[in-house]
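The values are calculated or read from the model by the stated rules, or taken from the named source; none is laboratory data. Predicted model only: the values in this text are computed from it and were never measured. When we count neighbours, we look across all protein chains shown, and the Cβ atoms used for this are built from the backbone with ideal geometry, even at glycine. In case anyone asks, the SASA skips ligands and DNA or RNA and just uses the protein heavy atoms, side chains included. Shrake-Rupley method; radii C 1.70, N 1.55, O 1.52, S 1.80 Å.
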Amino acid sequence: MTLQTDEYWMRYALQLALRAREQGEVPVGAVLVQDDQVIGEGWNRPIGQCDPTAHAEIMALRQGGKVLDNYRLLNSTLYVTLEPCVMCAGAMVHSRITRLVYGANDLKTGAAGSLLDVLGHPGMNHQIEIASGVLAEECAGMLSDFFRARREEKRALRQAQRAG
């Protein structure tokens, strides 16, 4: 049996991020892997579900807990296209994942070292191994394209309102 690479699983997470984008959500995808098997997956859905906690990571962790019938997700790796926020980082600590692999840094809300370092805080009762920058350009590009398109839509709407 060949173990898949971090790049392989990040490409999987990117496919999930596309689902978010297709639903008008910020394109972030996450896949939870244990023993080279998917046990959870998610994409951003806070808008569609009217749920501020429906981030890709939370959705993947919730599914993983159901699959394992346990809130402790030991010996698992979470792959995410964007550096997790404080909420998601806290959930990862509570779930006891072993490893986090993420693509793009999030300078505005990243809690794995960019803005805050929740995961690396010495006071945390669980430490998570972190690998960052996996397919970072593709992950960041998808987000940049999404927000550029959203700004252009808003600009066109304002111009149409002015003209009408």
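Considering only residues of region 19-75 that are aliphatic (A, V, I, L, M) and touching a residue at least 40 places away in the same chain (Cβ under 8 Å), which is surrounded by the most Cβ atoms within 10 Å (Cβ to Cβ)?
This residue is V28.
So D117 fits all but one of (1) out of contact with any Pro (no Cβ under 8 Å at 6 or more places or on another chain); (2) farther than 14 Å from E83 by Cα; what number is the exception?
Of the numbered conditions (1) out of contact with any Pro (no Cβ under 8 Å at 6 or more places or on another chain); (2) farther than 14 Å from E83 by Cα, the odd one out for D117 is (2).
Would you please name the residue that is farthest from the chain's Cα centre (by Cα), looking only at residues in region 80-111 that are among the polar types (S, T, N, Q) and part of a loop (DSSP other than H, G, I, E, B)? Give the derivation first.
Keep residues of region 80-111 that are among the polar types (S, T, N, Q), which gives 81, 95, 98, 105, 109.
Checking which are part of a loop (DSSP other than H, G, I, E, B) leaves us with 98, 105, 109.
Numbers: T98: 16, N105: 11, T109: 12 Å.
Here the answer is T98.
Please find, within region 115-151, the residue that is least open to solvent (accessible area, probe 1.4 Å) out of those that are among the acidic types (D, E) and part of a strand (DSSP E or B).
Among them, the one singled out is D117.
Any residue at all in region 33-51 that is touching a Ser or Thr at 6+ places or on another chain (Cβ under 6 Å) and assigned to a strand (DSSP E or B)?
Yes, some residue in region 33-51 is touching a Ser or Thr at 6+ places or on another chain (Cβ under 6 Å) and assigned to a strand (DSSP E or B).
Any idea which of (1) surrounded by 21 or more Cβ atoms within 10 Å (Cβ to Cβ); (2) of a type in the set (V, I, T); (3) within 24 Å of Q4 (Cβ to Cβ) is the one T98 doesn't satisfy?
So the condition that T98 fails would be (1).
So L14 passes all but one of these: (1) closer than 23 Å to V93 by Cβ; (2) surrounded by 17 or more Cβ atoms within 10 Å (Cβ to Cβ). Which condition number does it fail?
(1)
Cβ-Cβ distance below 6 Å, separation of 6 or more or different chains: which pairs start in region 104-131 with a residue that is within 21 Å of S76 (Cβ to Cβ) and among the small types (G, A, S) and end on one that is open to solvent by 40 Å² or more (accessible area, probe 1.4 Å) and part of a strand (DSSP E or B)?
Hits for this filter: A112/I130.
Considering only residues that are out of contact with any Lys or Arg (no Cβ under 7 Å at 6 or more places or on another chain) and closer than 18 Å to C139 by Cβ, which ones fall in region 59-91?
Across region 59-91, the qualifying residues are A60, L78, Y79, V80, T81, L82, E83, P84, C85, C88, A89.
Being small (G, A, S) and in contact with a Lys or Arg (Cβ under 7 Å, 6 or more places away or on another chain) is the filter here, so list the residues in region 92-114 that pass it. Step through it out loud before you land on a result.
Of the residues in region 92-114, the ones small (G, A, S) are 95, 103-104, 110-114.
If the condition is that a residue be small (G, A, S) and in contact with a Lys or Arg (Cβ under 7 Å, 6 or more places away or on another chain), then S95 is the only one that fits.
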